[in-house]
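The values are calculated or read from the model by the stated rules, or taken from the named source; none is laboratory data. Computed from a predicted structure; not experimentally measured. Note that we place each Cβ from the backbone using ideal geometry, even for glycine, and neighbour counts take in every protein chain shown.
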Amino acid sequence: MVRLLFGSTWLGRVLRVLTLLTIFGYPFMYHYRLVYIDGSSMAPTYGDRQWSLEQRIKSLGDDWIPDRFDVISIWSYEDECKLCKRVIGLPGETIEIRAGEIFINGERLNDTFGTGKMATETRTETSTGRILFKYTAPDNVSPTVIKSGYVWIIGDNRSESLYGHFPIKDIRGKLVLY
């Protein structure tokens, strides 16, 4: 019947393939999308210039909230870009940084993902000396309670990652492919 619809020419074959891709591809793309990881803040889990698969927030459900250690993509209005980070702190928990180490509710964070301590770093362009990137993480941050509707996130490469409280409503998706 499909041959009758598109014929048996090369154009008919192309149309059949496109029809099948549309039928099976659209539902997949409704729930998932490819994301490009730009930067080394999620190393070693994700490398710089790596592609991954993200489950879109709309397919996770209206009442979805991330779990600790989920890798999410989140929109940063301050930086005007999408960030890929790991969820460390959940609403109602207390986050503290002591000597570059993360503590949750007074307990040192034990995860197998994070590498290095939070640090201060400045990168400059070698030819001009212009500052390209400046990151400052204080050795100590007083205990802070994460507000309802927020999570505390950081990249796996602790020494080269932005961190902080971000609204759950700004999460765009959950990365599902490592």
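Per-structure values
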| quantity | calculated |
| --- | --- |
| Qualifying residues in segment 125-141 (those that are of a type outside the set (A, V, I, L, M, F, W, C) and closer than 25 Å to residue 170 by Cα) - the one modelled with the highest pLDDT | 136 |
| Failed criterion for residue 32 (all others in (1) within 22 Å of residue 146 (Cα to Cα); (2) in contact with a strand residue (DSSP E or B) (Cβ under 8 Å, 6 or more places away or on another chain); (3) of a type in the set (Ser, Thr, Tyr); (4) surrounded by fewer than 17 Cβ atoms within 10 Å (Cβ to Cβ) hold) | (1) |
| Every residue from segment 142-164 that is closer than 15 Å to residue 84 by Cα, at pLDDT 90 or above and part of a strand (DSSP E or B) | 151, 152, 153, 154 |
| Which numbered condition residue 74 misses (of (1) touching a residue at least 12 places away in the same chain (Cβ under 8 Å); (2) surrounded by 11 or more Cβ atoms within 10 Å (Cβ to Cβ); (3) in contact with a strand residue (DSSP E or B) (Cβ under 9 Å, 6 or more places away or on another chain); (4) more than 18 Å from residue 154 (Cβ to Cβ)) | (4) |
| Subset of segment 98-113 [out of contact with any Ser or Thr (no Cβ under 9 Å at 6 or more places or on another chain) and either in contact (Cβ under 8 Å) with a residue 40 or more places away in the chain or part of a strand (DSSP E or B) (or both)] | 98, 99, 101, 102, 107, 108, 111 |
| Residue match in segment 45-54 (condition: more than 22 Å from residue 88 (Cα to Cα), out of contact with any strand residue (DSSP E or B) (no Cβ under 9 Å at 6 or more places or on another chain) and among the aromatic types (Phe, Trp, Tyr)) | no |
| Residue within segment 17-37 that is in a loop (DSSP other than H, G, I, E, B) and farther than 14 Å from residue 166 by Cα present | no |
| Residue match in segment 49-60 (condition: in a helix (DSSP H, G or I) and either surrounded by fewer than 11 Cβ atoms within 10 Å (Cβ to Cβ) or in contact with a His (Cβ under 7 Å, 6 or more places away or on another chain) (or both)) | yes |
